[in-house]
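Novice: Pasting in a structure now, in structure tokens, and then I'll have a few things to ask.
The values are calculated or read from the model by the stated rules, or taken from the named source; none is laboratory data. A quick note: this is a predicted structure, and the numbers were derived from the prediction, not measured. So basically every Cβ, Gly included, is an ideal-geometry build from the backbone, and we count neighbours across all protein chains shown.
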């Protein structure tokens with residue numbers, strides 16, 4: 001796996017000389033993170049506890065690992081079970097000066113809300129609030145929507161000011177990379193960090209030199225996640241095609257793909273697994289808008305993620321060539337029943353000794 005496909009610097013993928021040179025800084029980072037976590041565990045810093053259960057969906061590594069689709073899956077499953085979920089998020093990439101905290105509506109500009117919260121609002125249909133201060137966003141959401149009986153936090157595993165009742169760690173095929181802390185490796189916290197459950201790809205047999213494999217990370221059950229491409233939507237006229245219809249329509253034409261997400265290689269692999277022969281691929285940093293000149297250089301129809309499609313303007317040249325592909329997330333059949341059973345316990349206590357304000 002190379003830097004372009006993984007979305008990570010090359011030295012995060014192996015324990016080579018560049019990573020070794022950064023080990024002193026990594027030790028400082030790991031020590032500071034451990035001290036900060038200790039402060040919350042001992043009650044030196046106090047977390048705000050919501051009057052409803054809080055489920056945090058996060059990751060242990062820098063960059064995206066597919067947390068937002070998991071939050072969407074949770075919101076839909078909870079609604080089907082008769083619950084009323086609400087979602088809070090930091091809203092990464094919001095413009096400076098946007099309201100704090102702020103409700104996200106289907107027509108909110110992505111630069112004000114952040115791309116992932118806007119996507120969740122459109123796809124889930126439940127209340128979404130964003131803000132750097134997650135407890136403030138949660139309080140505002142609950143004031144405006146008293147029917148909400150469970151809060152989902154998109155990301156926020158390392159943001160302890162919002163007390164949580166269930167912690168879910170999402171992994172992707174990159175796993176722990178070289179297994180070292182930032183900046184020598186991708187880890188924000190130790191790979192063995194306790195959590196309630198882990199969700200990720202089917203665990204593969206680790207090579208002897210591998211620092212860790214997904215199934216060995218932390219405590220709690222491991223639930224497999226499978227990602228599949230769904231229907232495609234043309235950004236110019238809104239026409240929708242199934243994958244089979246799209247393949248037939250473009251059988252003799254080139255198809256490319258572009259993504260500005262945390263792990264573009266995973267997206268490109270999903271498209272290839274769906275039967276699309278990609279002539280070219282291109283990527284940009286996560287949360288950025290894909291440059292128009294980059295899209296112009298790609299041959300044929302260009303397939304994007306729904307998140308990237310949010311940032312394509314209606315008057316953008318070549319819009320008729322752009323197609324947004326939906327994502328269908330399939331979780332282990334035991335995952336949703338496990339989560340509902342956890343929420344049904346009804347006795348909320350701060351995890352890991354956290355104390356609430």
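Novice: Give me the helices (runs of 4 or more DSSP H) completely within segment 96-183, filtered to those with at least 2 residues that are in the same structural domain as residue 78 (by TED's automatic domain parsing), surrounded by fewer than 17 Cβ atoms within 10 Å (Cβ to Cβ) and modelled with pLDDT of 95 or more, ordered by residue number. Spell out the reasoning first.
Specialist: Values: elements: 110-113, 115-124, 134-144.
Counting at least 2 such residues, we get 134-144.
Novice: Right, here's the next one. Using the structure shown, decide if residue 58 is touching a strand residue (DSSP E or B) at 6+ places or on another chain (Cβ under 8 Å), in the same structural domain as residue 345 (by TED's automatic domain parsing) and at pLDDT 95 or above.
Specialist: Working: touching a strand residue (DSSP E or B) at 6+ places or on another chain (Cβ under 8 Å): yes; in the same structural domain as residue 345 (by TED's automatic domain parsing): yes; at pLDDT 95 or above: no.
So residue 58 does not fit the description; no.
Novice: Another question about this same structure. Filter segment 228-242 down to the residues that are in a loop (DSSP other than H, G, I, E, B) and farther than 25 Å from residue 315 by Cβ and list them by number. Break it down stepwise before answering.
Specialist: From segment 228-242, those in a loop (DSSP other than H, G, I, E, B) are 235-239, 242; that's our starting set.
Residue satisfying the conditions is 242 alone.
Novice: I would also like to ask the following. Please go through (1) over 22 Å from residue 109 (Cα atoms); (2) over 21 Å from the mean Cα position of the chain (by Cα); (3) surrounded by 15 or more Cβ atoms within 10 Å (Cβ to Cβ) for residue 277 and return the number of the only condition it doesn't satisfy.
Specialist: Condition (3) is where residue 277 drops out.
Novice: Hey, among 291, 299, which residue is modelled with pLDDT of 95 or more, surrounded by fewer than 16 Cβ atoms within 10 Å (Cβ to Cβ) and not assigned by TED's automatic domain parsing to the domain that holds residue 116? Write out each step before concluding.
Specialist: Details: 291 fails: modelled with pLDDT of 95 or more.
Testing whether each residue is modelled with pLDDT of 95 or more, surrounded by fewer than 16 Cβ atoms within 10 Å (Cβ to Cβ) and not assigned by TED's automatic domain parsing to the domain that holds residue 116 leaves just 299.
Novice: Out of (1) in contact (Cβ under 8 Å) with a residue 40 or more places away in the chain; (2) buried (at least 17 other Cβ atoms within 10 Å of the Cβ); (3) outside any strand (DSSP E or B), what's the single condition that is false for residue 51?
Specialist: Condition (2) is where residue 51 drops out.
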